[in-house]
Amino acid sequence: MKRLTGVKLALALFAGLALTACDTAQMETETFASRGMYAATEDNGFAVPAINPAYLNAERVRQVVDYYAPYPEGTIVVDPEGRRLYHLLGDNKAMRYTVGVGKAGYGLTGEARVALKRDWPYWTPTQNMLRREPEKYGPVRAGLEGGLDNPLGARALYLYRGGRDTLYRIHGTPYPWTVGETESGGCIRMFNQDAIHLAAQVDTGTRVIILPKSQAGKWTGVSGESPAA
């Protein structure tokens, strides 16, 4: 009887080790895939650096998720408070990106359109930025050419409403540690690798929905809201 118990214990221990090994292998595979998505790359002559693994985890990397927004495939939904951007894929699925949000990222809600897309865009500080921090932005008031140190990063989507520029941007960033965080400046910033990925999927004219703070987490199911019909 004792021997049988010992055998059972050994089998249970073996099964537990096997499951642990499988879980570890899956984690290693996911980590490898994430590192591949965020590896160093060359883009339009610029050597885009890899994203430090310290800024990545299972929740921050881009991934397909369930999402029940009642909009057509191709629509972008920005959830500034939730630090998420969703590109709708249809069939209640979306590609989810983690974003960082500056003060300007809360300055627009409702609907807009992607009027322009730019690779390695030129950046000019706004008049508000110049007034608020003249010492910081005064020396670059004429703007900066696109490049690895440009605040707009590798890509920028320019949002318009009623044919007018909202000054709201979805863009890359040379500061990957700010992604997933709230910063004082900027709009909606993404890892450069994610900005490149998103821009490749989006056409000018794409509809963009920006949620107010009160609707953070909407359509994810996490908030308790029923999935849209």
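Overview of values
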{"item": "Added length on full extension, which subtracts the Cα-Cα distance from 0.36 nm per residue, VAL64 to GLN201", "result": "47.9 nm"}
{"item": "Cα gyration tensor category, rounded, prolate or oblate, for the stretch 105-198 with a/c compared to 1.5", "result": "rounded"}
{"item": "Protein-only accessible surface order, largest first, of MET37, MET129, MET190 at 1.4 Å", "result": "MET37, MET129, MET190"}
{"item": "Area of GLU183 that stays accessible when all protein chains are in place (1.4 Å probe, Å², to 10)", "result": "70 Å²"}
{"item": "Separation in nanometres of the label points that stand 7 Å from Cα toward Cβ, at SER214 and ASN128", "result": "2.1 nm"}
{"item": "Neighbour-limited loop hits for chymotrypsin sites (Phe, Trp or Tyr not before Pro), the stretch 34-136 (at most 13 other Cβ within 10 Å; DSSP other than H, G, I, E, B)", "result": "TYR122"}
{"item": "Over 19 Å (Cα to Cα) - which of LYS103/LYS218; LYS103/LYS213; LYS117/LYS218 fall in this group", "result": "LYS103/LYS218; LYS117/LYS218"}
{"item": "Farthest positive-ward along the stretch 146-187 dipole, Cα basis, beta-carbon charges - from LEU159, TYR175, GLY146", "result": "LEU159"}
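The values are calculated or read from the model by the stated rules, or taken from the named source; none is laboratory data. If you're wondering where the values come from, they're calculated on a predicted model, not measured in any experiment. Please note: Cβ atoms are built from the backbone with ideal geometry, for glycine as well, and neighbour counts cover all protein chains shown. Only protein heavy atoms, including side chains, enter the accessible area calculation; ligands, DNA and RNA are left aside. Shrake-Rupley method; radii C 1.70, N 1.55, O 1.52, S 1.80 Å.
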